[in-house]
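The values are calculated or read from the model by the stated rules, or taken from the named source; none is laboratory data. Computed from a predicted model, the values in this text were never measured in an experiment. Glycine gets a Cβ as well: all are built from the backbone with ideal geometry, and neighbour counts include every protein chain shown. With ligands, DNA and RNA removed, areas are computed over all heavy atoms of the protein, side chains included. Shrake-Rupley method; radii C 1.70, N 1.55, O 1.52, S 1.80 Å.
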Amino acid sequence: MYLYNELLSPIQSNVLFASILGDGTLTKISGKSRRVNSNYREHFSHAQLEYRQWKISFLQDLFYLNNGKNEVLSKSQPLFTELEQIFYEDRAKRIPMEIIKMCTLPHFLAVLYMDDGSLSITSRVNHRLKKIYLTPHIYLYLQSFTKTDLQLLRDHIREHFNVNLAMSRRKDGSGYVLKTTTVKATFNFFQAIRPVILSCPSMYYKTNWDFRFNKEMNEWAAKFPDYDVIASSNDRSKTYSEEDIELLIRLKLIGYRDKDIAELLQRSYWSVVYKWREINKESVEVIKSIA
């Protein structure tokens, strides 16, 4: 029986394993120390202090914070010696599939992303229509792992989180990172981690699309105040039936929030926002007749 099965809950396992693959390091203390077991160490910038405190909240029996050096640390113990032997080969990190197959909770994907991922936004400005289109992409900068390891991780994420990631070339490390290449995949990623990230607002700038889009929209509005800022959405172009439009209007008039309407219509939040804006511009009389 492995120690991690005895000592860790499923959530703790998912958070810890993602941290090891991400910013964490397992190593024995060198020098003249008599310690024979490995410990966990994780460096971070002060700007991410709240995130590291959030992570520690899942592993309070294992991790503690060294504020003076911006480090998350653990005591040396057999658990980390065992995990070092599993996650490292010739002092290089590997992605052990016997461990990864246990990582099926959103905590794993969320921590891996918050450690080593970024939200990249491409923009397209149409001056004729006075519209600015924003398209989000998720990147997992895991280029320290081999191409084979990344392919195994990509397949695991697709199977358990319904997120399609593509291999993207890089000049450093193994030469590859993982990223989303479609709007659908990006929003599937946000949806997969949503149950976890809501309790970590300090990282909303890359985990919460509504938060980030509002920030981007305000920045673009300062440059082009008369332009509409539009977020790419997988179902923006899906036709609304007359019944959908009537239901949307009725729900708006009795005070339903856009988020709740989106769930009822099985569309994205932003699809509802754009449709309501379109309805308001095109026909006030339609709204009055339904009301």
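How much area per residue is accessible in the range 122-213 when the probe is 1.4 Å and only protein heavy atoms are counted (Å²)?
50
Once the piece of chain linking S9 and E242 is laid out straight, how much longer is it, given 0.36 nm per residue of separation minus the C-alpha distance between them?
78.9 nm
Under 37 °C and 0.692 mPa s, how fast does the range 102-224 diffuse according to Stokes-Einstein, given a Kirkwood radius computed over C-alpha pairs? Answer in µm²/s, whole number.
213
What FRET efficiency would be calculated for the residue pair K171, N126, taking the C-beta separation as r and a Förster radius of 35 Å, to the nearest 0.05?
0.60
Please get the size of the charge dipole for the range 166-250, origin at its Cα centre, with Cβ charges of +1 on Lys and Arg and -1 on Asp and Glu, quoted in debye to the nearest 20.
720
Kindly provide the chymotrypsin sites (Phe, Trp or Tyr not before Pro) of the range 195-283 that DSSP labels as loop, not H, G, I, E or B, and whose Cβ sees at most 12 other Cβ atoms within 10 Å.
Answer by residue number: there is no such site.
Given the pairs K184/K275; K130/K206; K131/K281; K28/K179, which span a C-alpha to C-alpha distance of over 25 angstrom in this model?
Table pairs above 25 Å Cα-Cα are K130/K206; K28/K179.
Which Cα, out of A47, L264, N214, lies furthest along the positive dipole direction of the chain (beta carbon charges, K/R +1, D/E -1)?
The residue sitting most towards the positive pole is A47.
Tell me the relative contact order for the range 1-65 as a rounded percent, counting alpha carbon contacts under 8 Å between residues six or more apart.
Dividing the mean separation by the residue count of the range 1-65 yields 27 percent.
Report, to the nearest whole %, how much of the accessible area of the chain belongs to carbon and sulfur atoms, 1.4 Å probe, protein only.
Of the solvent-accessible surface of the chain, carbon and sulfur hold 48 percent.
How long are the three semi-axes of the equivalent ellipsoid for the range 158-254, computed from the Cα gyration tensor as the root of 5 times each eigenvalue, in whole Å, largest first?
30, 20, 16
For Cα pairs less than 8 Å apart in space and 6+ apart in sequence, what is the mean separation divided by the residue count of the chain, i.e. the relative contact order in percent?
Computed over the chain, the figure is 14 percent.
Hey, what number do you get for the chain at 222 nm if only DSSP H runs of n ≥ 4 count, each worth -39500 (n - 2.57), divided across all residues, to the nearest 500?
Rounded to the nearest 500, it is -14000 deg cm²/dmol.
Just need the relative contact order of the range 8-132 here, percent rounded to a whole number, with Cα pairs under 8 Å and 6+ apart.
Reported relative contact order: 32 percent.
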